[in-house]
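The values are calculated or read from the model by the stated rules, or taken from the named source; none is laboratory data. This one's a predicted model, so the numbers in the text were calculated from it and none came from an experiment. We place every Cβ from the backbone using ideal geometry, glycine too, and count neighbours over all the protein chains shown. Ligands, DNA and RNA are stripped out before the accessible areas are found, and what is left, the full protein with its side chains, is counted by its heavy atoms. Shrake-Rupley method; radii C 1.70, N 1.55, O 1.52, S 1.80 Å.
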Amino acid sequence: MTKYALRESALDLLTRIGEQGGFSHVLLDREISKQKLSRQDGALLTEIVYGTLQRRDLIHYSIEPYIAKQKKIKPWVRWLLYMSVYQMIFLERVPDHAIIHEAVEISKKRGHKGISSFMNGVLRNVQRKGVQSLDKIEDPVERMATETSHPQWLVNRWVEQYGFETTKAMCEANNQHLPMSLRVQPLRISREDAMKQLQDDGFKVEESTLSPQGFLVLEGAILSHSLFQNGYVTVQDQSSMLVAEMMDLEKGLMVLDACSAPGGKTTHIAEKMEDEGEVVAYDLHEKKAKLVSKKAEQLQLTSITASQADSRKLGEKHEQGAFDRILLDAPCSGLGVLRGKPDIKYHKKEEDIFSLRNIQDDLLREVAPLLKPEGKLVYSTCTVDRHENEEAVRHFLEEHPDFEVDPAFFEELPEALKECIGLTETGLQLFPQEWDTDGFFLTRLRKK
């Protein structure tokens, strides 16, 4: 693919994601597959799309003096400006003159002479005069929000909950590349053998400290490798691997995964049980439940039964005390996965946190009776907001005195995590800057 065509693809993706709310990771993967892009072209397309999305607000602030007089800018023109300025500021290997030339040519093709002149004028100003200084923003929280391109309401919440320095580190980490994390299917291959095969094939890999099944791919295109294609390894963030690791699993248990799609944690549970026992998995949507079955089939696991159901009504399907273990990986705001899905931060609103918390409370209340006495329930989310995490757990425990945070949970954590800044009496909050993971919360409750 020519660099011109690649940038047109990037512009199409950014306009669709930015204006219509499409999922960046899904659309990007689809475009790379559809265009059959080389590894190098796929990496550049990913860099331009993710980088522009991650830095959108900073870029807008940076060029605001040059566009302020323009009454209305068409969405595709605005995104072409953003992606061009992103490349000029953050991608040193691409010369400014080439970026400006291609942006002007795309403007001519898609618009008219006035648009191409406007594009050329703004980008030439950026090249000659530089961008607007952040020093003009006096309030440090507002400056942080702009510099890291996070909504101010979100930064305000995090500063209030975790302090300025932790929030700053988190916001900066959200704009950094997240290394791909893999989990081996241990009934088919060991971590050592999988890593050796990949190293022999030119990959750069290293062990995860959070799961004995996990490792990171620092260099190499794993999705086209036979180990992934044939179900010997699967993609899963290190933080998510902690869930099954901390469920105290053994062979022969009856386990409920109440919100299971797309099946990463479900299949990990089955692997930890050596595929002996029963994992009953549900998802609210039939299509998503089928994804869980498909992943189980790919990994050659037979102990999983996945089907559609609203887990707030599972009392109609199962008797009280039916399960030894329950996983509730609850629907959440997703504010911990901004490194891989940067568009989330622009589409979420503060009220979403409170409406989702109502669902989390309902789910906890409804699945709790399905746990056996002495059984264990893991509650997890991929967010970093206390209202959805620690406060949700405390609220549940206040209403259910027959449950407690399992003291053994803290003893069984990997040694590396026992000094985490997010460790409280309620559970473990992982921040993306600590272990190069998603932001993630989990705890384990025990039925007395």
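Of the residues in segment 87-105, how many are surrounded by 14 or more Cβ atoms within 10 Å (Cβ to Cβ) and of a type outside the set (A, V, I, L, M, F, W, C)?
Summing the residues that are surrounded by 14 or more Cβ atoms within 10 Å (Cβ to Cβ) and of a type outside the set (A, V, I, L, M, F, W, C) in segment 87-105 gives 5.
Being hydroxyl-bearing (Ser, Thr, Tyr) and under 15 Å from the mean Cα position of the chain (by Cα) is the filter here; which residues of segment 22-48 pass it? Don't jump to the end; show me each part of the working.
Restricting attention to segment 22-48, the residues satisfying the condition of being hydroxyl-bearing (Ser, Thr, Tyr) are 24, 33, 38, 46.
Within segment 22-48, just Ser24 meets the criteria.
Residues that are in contact (Cβ under 8 Å) with a residue 60 or more places away in the chain and within 23 Å of the chain's Cα centre (by Cα): list the helices (runs of 4 or more DSSP H) wholly contained in segment 337-448 that include at least 2 such residues.
Counting at least 2 such residues, we get 344-347, 350-367, 432-435.
Quick one: which of Thr426, Thr437, Thr443 is more than 18 Å from Leu327 (Cα to Cα), open to solvent by less than 10 Å² (accessible area, probe 1.4 Å) and not hydrophobic (A, V, I, L, M, F, W, C)?
Going through Thr426, Thr437, Thr443 in turn, the sole match is Thr437.
Which of (1) more than 17 Å from Lys376 (Cβ to Cβ); (2) touching a Lys or Arg at 6+ places or on another chain (Cβ under 9 Å); (3) buried (at least 22 other Cβ atoms within 10 Å of the Cβ) does Ala221 not meet, given it meets every other one?
(3)
Ala221 is checked against (1) modelled with pLDDT under 95; (2) under 18 Å from the mean Cα position of the chain (by Cα) and fails just one. What number does that condition carry?
(2)
Only one of these conditions is not met by Glu419: (1) modelled with pLDDT of 95 or more; (2) open to solvent by 30 Å² or more (accessible area, probe 1.4 Å); (3) of a type outside the set (A, V, I, L, M). Which number is it?
Every condition holds for Glu419 apart from (1).
Mind checking whether some residue in segment 184-196 is in a strand (DSSP E or B) and surrounded by 14 or more Cβ atoms within 10 Å (Cβ to Cβ)?
Initial filter on segment 184-196 (in a strand (DSSP E or B)): 184.
Checking which are surrounded by 14 or more Cβ atoms within 10 Å (Cβ to Cβ) leaves us with 184.
So far as segment 184-196 goes, yes, one or more of its residues are in a strand (DSSP E or B) and surrounded by 14 or more Cβ atoms within 10 Å (Cβ to Cβ).
Residues to consider are Val233, Val155; find the one that is out of contact with any Gly (no Cβ under 6 Å at 6 or more places or on another chain) and under 28 Å from Ser303 (Cβ atoms).
On inspection, the qualifying residue turns out to be Val233.
Being closer than 11 Å to Thr267 by Cα, among the hydroxyl-bearing types (Ser, Thr, Tyr) and open to solvent by less than 40 Å² (accessible area, probe 1.4 Å) is the filter here; which residues of segment 283-328 pass it?
Hit for segment 283-328 is Ser303, nothing else.
Looking at Ile59, Ile89, Ile63 in this structure, which one is more than 20 Å from His177 (Cα to Cα) and of a type outside the set (Asp, Glu)?
The unique qualifying residue is Ile63.
Being open to solvent by 40 Å² or more (accessible area, probe 1.4 Å), touching a residue at least 24 places away in the same chain (Cβ under 8 Å) and under 11 Å from Trp79 (Cα atoms) is the filter here, so list the residues in segment 1-59 that pass it.
Glu19, Arg56
If you check Leu227, Leu242, which single one turns out to be crowded, with 20+ Cβ neighbours inside 10 Å, hydrophobic (A, V, I, L, M, F, W, C) and farther than 18 Å from Gly336 by Cβ?
Checking each option against the conditions leaves just Leu227.
Can you give me the number of residues within segment 230-239 that are over 22 Å from Phe441 (Cβ atoms) and open to solvent by less than 20 Å² (accessible area, probe 1.4 Å)?
Taking segment 230-239 and keeping what is over 22 Å from Phe441 (Cβ atoms), we get 230-234.
Next, from what is left, pick out any that are open to solvent by less than 20 Å² (accessible area, probe 1.4 Å): 231, 233-234.
Selection size over segment 230-239: 3.
Restricted to segment 106-162, and to residues that are open to solvent by 30 Å² or more (accessible area, probe 1.4 Å) and among the hydrophobic types (A, V, I, L, M, F, W, C), which residue is nearest to Lys72 (Cα to Cα)?
Phe118
(1) under 18 Å from Met180 (Cα atoms); (2) more than 24 Å from the chain's Cα centre (by Cα); (3) not hydroxyl-bearing (Ser, Thr, Tyr): which one isn't true of Gly51, the others all being true?
Checking Gly51 against (1) under 18 Å from Met180 (Cα atoms); (2) more than 24 Å from the chain's Cα centre (by Cα); (3) not hydroxyl-bearing (Ser, Thr, Tyr), the one that fails is (2).
Check whether at least one residue in segment 133-148 is among the hydroxyl-bearing types (Ser, Thr, Tyr), out of contact with any Cys (no Cβ under 7 Å at 6 or more places or on another chain), in contact (Cβ under 8 Å) with a residue 40 or more places away in the chain and in a helix (DSSP H, G or I), and report yes or no.
Checked segment 133-148: at least one residue is among the hydroxyl-bearing types (Ser, Thr, Tyr), out of contact with any Cys (no Cβ under 7 Å at 6 or more places or on another chain), in contact (Cβ under 8 Å) with a residue 40 or more places away in the chain and in a helix (DSSP H, G or I).
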